Amino acid sequence: MMDKIENIELKYLTIEDFEELKEATVSSYGSMPNSYWKLDEIGKLISLFPEGQIVIKINGDIAGCALSVIVDLDEVEDHHTYQDIVGDENFKAHDKNGDTLYGIDVFIKPAYRGLRLGRRLYDYRKEVCENLNLKGIVFGGRIPNYHKFAKEFTPKQYIEKVKAKEIHDPVLNFQLSNDFHPVRILKGYLEGDKASGEYAVLMEWDNIYYTKPTKKPSANKSIVRLGLIQWQMRSYIGMDDLMQQAEYFIDSLAGYRSDFAMFPEFFNAPLMAKFNHLSESDAIRELAGYTERVKEKLSELSISYNINIISGSMPEVIDGSLYNVGYLCKRDGSIERYEKIHVTPDEAKIWGMQRGSELKTFDTDCGKIGILICYDVEFPELSRLLSDEGMDILFVPFLTDTQNGYSRVRLCAQARAIENECYVAIAGSVGNLPNVHNMDIQYAQSAVFTPCDFSFPSNGVKAETTPNTEMILVADVDIDLLRELHTFGSVHNLKDRRPDVYQLQRTKKS
């Protein structure tokens, strides 16, 4: 029985620890051949990669150990052996410029098992991986209970039985519980490992914080500041007057160092007042005549104010057909276009609006984003397709006349944030336009929604405006929290989908 524990600490392995390490290794591995490291091997590992060699001490005595090297994973053959990694006396497999931490040994002395000390060693390795910006951790994991089932199951079947909790394997169960996942079977991995049938499982842990090194200057951000414009519908003398108001809001958001400014759907609708003597379908086609000029002006403002601008939406005529479209005007000067995929019955009946077909994500200096116009957010398939492409933030410019119409947009937007593990920002218009047919009243409460988990607001609402009041909303969102949610969330809405039962795919490639 162990003595009373007075102190537990993680320490770098030193050459002075060798004799005690040897004794601890033999007591842990028992009859395994060559079950302990030689003095010169430990010395070489410490000199090559000191932070990769760690011991855990209880009351000053070694209770466990973890040894590691760094490898270039592309240079490691898929079906390698343990000797391929450690067999050379100079550990040539170690590459200080490699991209992956390779675990070559980890153990806890029998007297100290059951204290979850192994988890501390694994957690330390993960911290090293994150600090050194490595892709992840791999190692060949033993399956010591396989010999009991070798006549009944293949190694692959055995692993599936262990994952299903039908068979207990102390090593594999432990690794699975520490967020490692099996990649492939390694045959003949460790010579003499009769308990595992000389099989091993290549286990892998992915570093969600890994960023690919680049020689180019990068402005990618973790904390992204969103700026939403809750636009007041009012009469304007002309386009210059309207754009002066638009610039005022852009200037305000840029003053708060916002990364994005989003306008609502049809924010330029007041310009239709000039054509109110025409039918509704003709008036909106006249409004489409301003779209190119508005786009160009917003692009100029995005550059001069150093902010990415989402134009909401505007009517556009292409080959005689009318569409509801918008533009992402990036602060690097580039412009990208998006379309409303689903038009409302009113848009189709009164304006003759046609359905768009272009759906895509957009790469920005703040990550990958998606944009859906109003009614589109009520169709979960669209945002799920964008999520599959890596979308972090979904922007939804909208226009709703009544509170029940607004509630449809809001509630669906919140659902999209949860099911796609992303942020969703919605921005709408308020007020009224008595001199524009089919644009009588507007109701809006702009907001930023989040997933519902411990790192986020419990109600999934990051920030929201005062209903039916002209104002701006500024809110920060943390992209790294999404990475953590994907892996460590209470539930995994993306990972736990069942492609064996249902699948979603495009019928037309955008």
Looking at (1) acidic (Asp, Glu); (2) under 24 Å from Asn468 (Cβ atoms); (3) over 33 Å from the mean Cα position of the chain (by Cα), which one does Glu265 not meet, given that it meets all the others?
(3)
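Is it true that some residue in segment 295-313 is within 21 Å of Gly405 (Cα to Cα) and not charged (D, E, K, R)? Walk me through it before giving the result.
Here is the first cut: in segment 295-313, the ones within 21 Å of Gly405 (Cα to Cα) are 312-313.
Filter once more, keeping what is not charged (D, E, K, R): 312-313.
Within segment 295-313, one or more residues are within 21 Å of Gly405 (Cα to Cα) and not charged (D, E, K, R).
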Inside segment 185-201, the number of residues satisfying the requirement of being within 31 Å of the chain's Cα centre (by Cα) and over 9 Å from Arg142 (Cα atoms) is 2
May I ask you to list the residues in segment 35-77 that are among the aromatic types (Phe, Trp, Tyr) and either within 22 Å of Leu186 (Cβ to Cβ) or outside the structural domain of Lys135 (by TED's automatic domain parsing) (or both)?
Trp37
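Condition test on Ser407, is it surrounded by fewer than 18 Cβ atoms within 10 Å (Cβ to Cβ) and hydroxyl-bearing (Ser, Thr, Tyr)? I'd like the intermediate steps shown before the answer.
Working: surrounded by fewer than 18 Cβ atoms within 10 Å (Cβ to Cβ): yes; hydroxyl-bearing (Ser, Thr, Tyr): yes.
For Ser407, the condition - surrounded by fewer than 18 Cβ atoms within 10 Å (Cβ to Cβ) and hydroxyl-bearing (Ser, Thr, Tyr) - is met.
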With (1) surrounded by fewer than 20 Cβ atoms within 10 Å (Cβ to Cβ); (2) within 19 Å of Val183 (Cα to Cα); (3) touching a strand residue (DSSP E or B) at 6+ places or on another chain (Cβ under 8 Å); (4) not basic (Lys, Arg) as the list, and Glu75 as the residue in question, which single condition is left unmet?
(3)
Residue under question is Gly118, and the condition is that it be closer than 21 Å to Pro170 by Cα and either modelled with pLDDT of 95 or more or outside the structural domain of Val201 (by TED's automatic domain parsing) (or both); does it hold?
no
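Quick check on segment 305-315. Is at least one of its residues closer than 30 Å to Lys221 by Cα, more than 26 Å from the chain's Cα centre (by Cα) and aromatic (Phe, Trp, Tyr)?
So far as segment 305-315 goes, yes, one or more of its residues are closer than 30 Å to Lys221 by Cα, more than 26 Å from the chain's Cα centre (by Cα) and aromatic (Phe, Trp, Tyr).
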Do any strands (runs of 3 or more DSSP E) lying entirely in segment 267-337 carry at least 3 residues that are of a type outside the set (A, V, I, L, M, F, W, C), and which ones are they?
321-329
Is it true that some residue in segment 141-163 is under 25 Å from the mean Cα position of the chain (by Cα), part of a loop (DSSP other than H, G, I, E, B) and closer than 26 Å to Val55 by Cα?
no
Looking for whichever is touching a residue at least 12 places away in the same chain (Cβ under 8 Å), among the β-branched types (Val, Ile, Thr) and within 28 Å of Ser196 (Cα to Cα) here; the options are Ile15, Ile58, Ile85, Ile5. Which one fits?
Ile85
Answer from Gly255, Gly326, Gly320 - the residue that is on the phi > 0 side of the Ramachandran plot and either assigned by TED's automatic domain parsing to the domain that holds Gln445 or not acidic (Asp, Glu) (or both)
Gly320
Within segment 248-276, which residues are charged (D, E, K, R), farther than 20 Å from Asn324 by Cα and buried (at least 20 other Cβ atoms within 10 Å of the Cβ)?
Asp259
Can you go through Ala93, Ala66, Ala111 and tell me which one is aliphatic (A, V, I, L, M) and at pLDDT 95 or above?
Ala66
Has segment 378-395 got any residue that is surrounded by fewer than 17 Cβ atoms within 10 Å (Cβ to Cβ), in a loop (DSSP other than H, G, I, E, B) and of a type in the set (A, V, I, L, M, F, W, C)?
yes
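For residues that are of a type outside the set (A, V, I, L, M, F, W, C) and part of a helix (DSSP H, G or I), scanning just segment 248-258, find the one that is farthest from Glu286 (Cα to Cα).
Gly255
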Spans of strands (runs of 3 or more DSSP E) in segment 434-496 with at least 3 residues free of Cβ contacts under 8 Å to residues at least 60 places away in the same chain
461-464
Give me the pairs, please: first residue somewhere in segment 309-337 and in contact (Cβ under 8 Å) with a residue 60 or more places away in the chain and within 18 Å of Ile350 (Cα to Cα), second residue anywhere and of a type in the set (Val, Ile, Thr) and assigned to a loop (DSSP other than H, G, I, E, B), beta-carbon distance under 8 Å, and either six or more positions apart or on two chains.
Ser313/Ile373
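The values are calculated or read from the model by the stated rules, or taken from the named source; none is laboratory data. What you see is a predicted model, and the numbers here were worked out from it, not measured in a lab. All Cβ positions, glycine included, derive from the backbone under ideal geometry; neighbour counts span all protein chains shown.
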